[in-house]
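Just below is one structure, and these are the notes that go with it.
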Amino acid sequence: MSNEQNVNPLDQYFNGEFPKQPQTPPGLQKDMNPVPDCGETSYVGNGQLKGKRVLVTGGDSGIGRAAAIAYAREGADVAINYLPEEQPDADDVKQLIEAEGKKAVLIPGDLRSEEFSKGMVEKAVSELGGLDVLALVAGKQQAVSNIEDITTEQLTSTFETNIYSMFWSIQAAIPHLSAGASIITTSSVQGYDPSENLLDYASTKYAIRGFTIGLGKQLAPKGIRVNSIAPGPVWTALQVSGGQPEDAIPEFGKQVPLKRAGQPAELADMYVYLASEKANYVTGQIFGITGGTPLS
Ligand code: NAD
Ligand code: MG
């Protein structure tokens, strides 16, 4: 017998053809059509992160924004990092965090710099009065069809953003983290089954998996947990700003078993869970939120 309370995952969110809408990276999600759903009007908190101090990279838009909103609604003070050109998206997130009566700290800057990555953590620690959760969500993805056309500039930039900054920011964070702290990285289905046009990006996502598992072992004796979330296709600024070829945008996400792109809001609960004490027996793991594509 059917139940009217059930929501069909196939049509819970937008499942039509996305309009083509190229932007220059990193892109602004406020200019997207449809605007990604980061839980602005839907995420309901339950005090799960009361008193926690959280830093989210890529917190202006997409998956990081969904995490930042959820963290504030769960009772955390939240610092977000983003690129200076993303200030309009970041300003919205600040308002949403402050609407929960929580502290919002904006730390614009480029993670490809070691000095900035480490300084970002120090600023978050001093403004929040400490650090309990480090959610590393920022990432760079630019599709290129032929390996011969991947410039050294792009290769370096992708690895600096997705890999080097992860080392630098965690190095700076460790002295401030105590038992019960949580580090969350962001991998991808691309770290399991790479697309032919995302070689540099997919390589970094494979690396993030290995890094997360190894660091989970290294930090376990300190009571610090390290886990990763591997999203499938999610409707965000990254994808319309060169993450996909423009021609792939209308059908974006249709190839997964659930036949639509995910929305950032659908990732928020996992970022909250991994940050919370409910996940205190969970480390060195990778969690897929993929629309049904297996992680294997
Ligand atoms: P997004 O564009 O909304 O967020 C990515 C963010 O990365 C940007 O907002 C930007 O602030 C940040 N960033 C990029 N380069 C930076 C730099 N040099 N310095 C500082 N910040 C920088 O897109 P998103 O899809 O929400 O991406 C979030 C994460 O999710 C990324 O790690 C991405 O690889 C991962 N991911 C996304 C998808 C997807 O389909 N959207 C799938 C799997 C994994
Ligand atoms: Mg952004």
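Per residue, the convex hull spanned by the Cα atoms of the stretch 181-294 amounts to 101 cubic angstrom. Working from label points 7 Å from Cα in the Cα-to-Cβ sense, the residue 167 to residue 3 distance is 4.9 nm. Taking all Cα pairs closer than 8 Å and separated by 6 or more residues, the relative contact order of the stretch 1-88 comes to 27 percent. If you plug the beta carbon distance of residue 197 and residue 113 into 1/(1 + (r/R0)^6) with R0 = 35 Å, you get a FRET efficiency near 0.80.
Rounded to a whole number, what % of the accessible area of the stretch 49-289 do carbon and sulfur atoms account for, probe 1.4 Å? Let's see the in-between values first.
Numbers: 4710 of 9230 Å².
Carbon and sulfur: 51 percent of the exposed surface of the stretch 49-289.
Counting only C-alpha contacts under 8 Å and six or more residues apart, can you give the relative contact order of the stretch 166-296 as a whole percent?
On the way: 197 pairs, mean separation 42.2, N = 131.
In percent, rounded to a whole number, it is 32.
Taking the chain as a Gaussian network of alpha-carbon nodes connected by springs under 10 Å, the highest mean-square fluctuation of the residues 71, 281, 43 belongs to 281. Amide H contacts for residue 290 (H built 1.01 Å from N in the peptide plane; partners 5 or more residues away or on another chain; cut-off under 5 Å): 232.
Give me the percent relative contact order of the chain, please, defined on Cα pairs under 8 angstrom at least 6 residues apart.
On the way: 627 pairs, mean separation 67.5, N = 296.
The value is 23 percent.
Using a Gaussian network model on the chain with a 10 Å cutoff between Cα atoms, which of 253, 130, 51 fluctuates the most? Comparing 253, 130, 51 in the GNM, the peak value goes to 51. Whole angstrom only: what separates the Cα centroid of the stretch 109-163 from the Cα centroid of the stretch 175-202? Cα centroid to Cα centroid, the span is 12 Å.
Could you tally the net charge around residue 194, taking each other residue with its Cβ under 13 Å from the Cβ of residue 194, Lys/Arg +1 and Asp/Glu -1?
Residues near residue 194 contribute -1 overall.
Scanning residues 5 or more positions from residue 262 or on other chains, those with amide H under 5 Å from its amide H are 234, 235, with H placed 1.01 Å from N in the peptide plane.
Per residue, how much accessible area does the chain show when a 1.4 Å probe rolls over the protein heavy atoms, in square angstrom?
Working: 12980 Å² over 296 residues.
Ligands and nucleic acids excluded, the result is 44 Å² per residue.
Annotation: Cα Rg of the chain relative to the compact-globule expectation 2.2 N^0.38 Å equals 0.94.
Over the chain, dividing the summed -39,500 (n - 2.57) contributions of all DSSP H runs of at least 4 residues by the number of residues returns a 222 nm mean residue ellipticity of -9000 deg cm²/dmol. Considering only 148, 98, 86, the mean-square fluctuation computed in a Gaussian network model of the chain, springs between alpha carbons under 10 angstrom, is largest for 148.
The values are calculated or read from the model by the stated rules, or taken from the named source; none is laboratory data. Since we're looking at a predicted model, the values are computed, not measured. No Cβ is skipped: glycine too gets one built from the backbone with ideal geometry, and neighbour counts run over all protein chains shown. These accessible areas exclude ligands, DNA and RNA; they are computed on the full protein's heavy atoms, side chains included. Shrake-Rupley method; radii C 1.70, N 1.55, O 1.52, S 1.80 Å.
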